[in-house]
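This report refers to the structure that appears directly beneath it.
The values are calculated or read from the model by the stated rules, or taken from the named source; none is laboratory data. Since we're looking at a predicted model, the values are computed, not measured. Cβ sites come from the backbone with ideal geometry, for glycine too, and all protein chains shown count toward neighbours. The accessibility values were calculated without ligands, DNA or RNA, using every heavy atom of the protein model including side chains. Shrake-Rupley method; radii C 1.70, N 1.55, O 1.52, S 1.80 Å.
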Amino acid sequence: MKRLLWIDISKGLAILFVAYFHFFSTYFQHGVLPPPDWSSIAAGVLTMLRLAWFKISGLGFHAVGVFIILSGWTLMQSTMRRTEKGEIAWGAWYWARFTRLYPMYWVAHVVYLVSPFVARLEPVDDRIILSLLGLRFIDIEMNFMYLNAAWWYFSMLIQFYAIFPLLFWTARRVGPWWFLFIGCAAGFFARYVLLVLWPQNGLWVLGGFAICRLPEFTLGMSLAMWYTQSPVRLEWFLLRGAGFVAGLILYPAALQLYHGLYDYIFVDFATGACCMLEIVGIAGFISLFNSPAKLFGLVGLYSYGLYLTHQPYVIWLGLRIREVPIWGFLLICIPTLAVLSAWGMLLEKGTNALVSKLTSLKKSARA
């Protein structure tokens, strides 16, 4: 089962959208759009472009749901690939996941502590121990968004990895449709409990309790299974426009779920799925062009490094350019995201190479 370039492109688009959203939300936190001007066709077009830019920019956090879906897909795909070679040694599987996730996560902490041009909004104190362990859901109000708010995703991800063997076994046993139903039922019930029956801090629903985001993760796993059954049909739907149009049609309805407590139970799944259809649809278009496909695919391949490092930089810069007009922000944004992508890629490649070398030396010593 080969690696899918369009999934890497989708991951690249998703992480760039997330980084852009953090940049935009810092820059425009107290900004106000110019009043609408319909005095001429040109002024009306400019007004509509401003409104569209503002609305689309504000949806950037939905790309987190896309990452959850694609994480479920790629993890399911890679694990199914292992089953083709025989039984899975889950101990080795966990070790591979540990060496993939934690070293770069620790490097991101070091980079944050020593790097210039980063926003340091909180003091470095003993909370950093739980952060390094990834256990940011312990004393969630104090730790979940500590130092680098984007790192909350890591603590959710390791929870999914912890229960993945159970999820994998269930998916293989009941099939993708029933598995998706079970995952959605469990996730929606958890959200119902934490939002309605026993209201808790919203950070638990965001991802502090990973089961609340299980619907998105199981959707990704189910998509991976459907892809193995009918890759041509699924790629046609996702990459050739049908899925993109479906996402556009459904997105307004998904956004309405923000307006009620019971509706909010389903909003992350709905917005994440719609955003995924849009991003994957754009990835399908980009994949038709060789050079852009390689570029965005490379960003997606090393999206983990960009995710772990970008937010303190864009907050630092965003706070300093708030007086810049919108067109100036957009001109600054493109090279900023390019530099941060290259920086994250360099860190991740270097970390992976070092881990690989140390692992090889350890195997040689045992031999």
Check: Which of Tyr302, Ile286, Gly243 sits closest to the plus end of the dipole of the range 242-367, meaning its Cα is farthest towards the positive end, when Lys and Arg get +1 and Asp and Glu get -1 on the C-beta?
Finding: Tyr302
Note to self: Over all directions, the average projected area of the alpha-carbon convex hull for the range 160-202 comes to how many nm²?
What the structure shows: 3.6 nm²
Notebook entry, point to check: Just by accessible area at a 1.4 angstrom probe, what is the order of Arg173, Arg240 from largest to smallest?
Noted result: Arg173, Arg240
Notebook entry, point to check: Sorted by accessible area (1.4 Å probe), largest first, how do Tyr105, Tyr227 line up?
Noted result: Tyr227, Tyr105
Next item on the list: Over the range 245-367, average the accessible area per residue using a 1.4 Å probe and give it in Å², no decimals.
Entry: 54 Å²
Next item on the list: Quote the convex hull volume per residue of the range 1-51, based on C-alpha atoms, as a whole number of Å³.
Entry: 90 Å³
Next item on the list: Take the alpha carbon gyration tensor of the range 139-238, find the square roots of its eigenvalues, order them as a ≥ b ≥ c, and report rounded if a/c is under 1.5; if not, report prolate when a/b exceeds b/c, else oblate.
Entry: prolate
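Excluding ligands, DNA and RNA, what is the solvent-accessible area per residue of the range 36-184 at a probe of 1.4 Å, expressed in Å²?
Solvent-accessible surface per residue comes out at 50 Å².
Quick check on the range 287-367: take the gyration tensor over C-alpha atoms, sort the square-rooted eigenvalues as a ≥ b ≥ c, and tell me if it's rounded (a/c under 1.5), prolate or oblate.
It is oblate, given that a/c is not under 1.5 and a/b is not larger than b/c.
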Checklist line | CD proxy at 222 nm, helix term only [per DSSP H run n ≥ 4: -39500 (n - 2.57); per residue of the chain; nearest 500] | finding: -25000 deg cm²/dmol
Item checked: When each of Lys11/Lys294; Lys85/Lys294; Lys11/Lys349 is checked by Cα-Cα distance, pairs over 23 Å -> Lys85/Lys294
Next item on the list: May I ask you to give the percent of accessible area on the range 117-255 that is carbon plus sulfur, with a probe radius of 1.4 Å?
Entry: 73 percent
Check: When the dipole is taken about the Cα centre of the chain, and only Lys, Arg (+1) and Asp, Glu (-1) are charged at their Cβ, what size is it in debye, to the nearest 20?
Finding: 1260 debye
Next item on the list: Enter the accessible area of Tyr258 (Å², nearest 10), with the probe set to 1.4 Å and all protein chains included.
Entry: 80 Å²
Notebook entry, point to check: For the chain, what is the relative contact order in percent, using Cα pairs closer than 8 Å and at least 6 residues apart in sequence?
Noted result: 32 percent
Item checked: Largest-first ellipsoid semi-axes for the chain, taking √(5λ) over the Cα gyration tensor eigenvalues, angstrom -> 32, 26, 23
Next item on the list: Using Cα centres only, tell me the gap between the range 205-235 and the range 262-316 in whole Å.
Entry: 15 Å
Margin query: Checking understanding here: applying a Kyte-Doolittle mean of at least 1.6 and a length along the axis of at least 27 Å (C-alpha), which whole DSSP H helices in the chain pass?
Written below: 264-286
Next item on the list: Taking every Cα atom in the range 244-332, find the radius of gyration and the maximum pairwise distance Dmax, and write them in Å.
Entry: 17.2, 45
Check: Taking GluC sites (Glu not before Pro) that fall in a DSSP loop and have at most 11 other Cβ atoms within 10 Å as cut points, what is the longest piece of the chain between them?
Finding: 88-322
Next item on the list: Find how many whole Å separate the alpha carbon centroid of the range 155-182 from the alpha carbon centroid of the range 2-65.
Entry: 33 Å
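On the accessible surface of the range 303-367, probed at 1.4 Å, how many percent belong to carbon and sulfur atoms?
Summing carbon and sulfur atoms, their accessible area is 71 percent of the total for the range 303-367.
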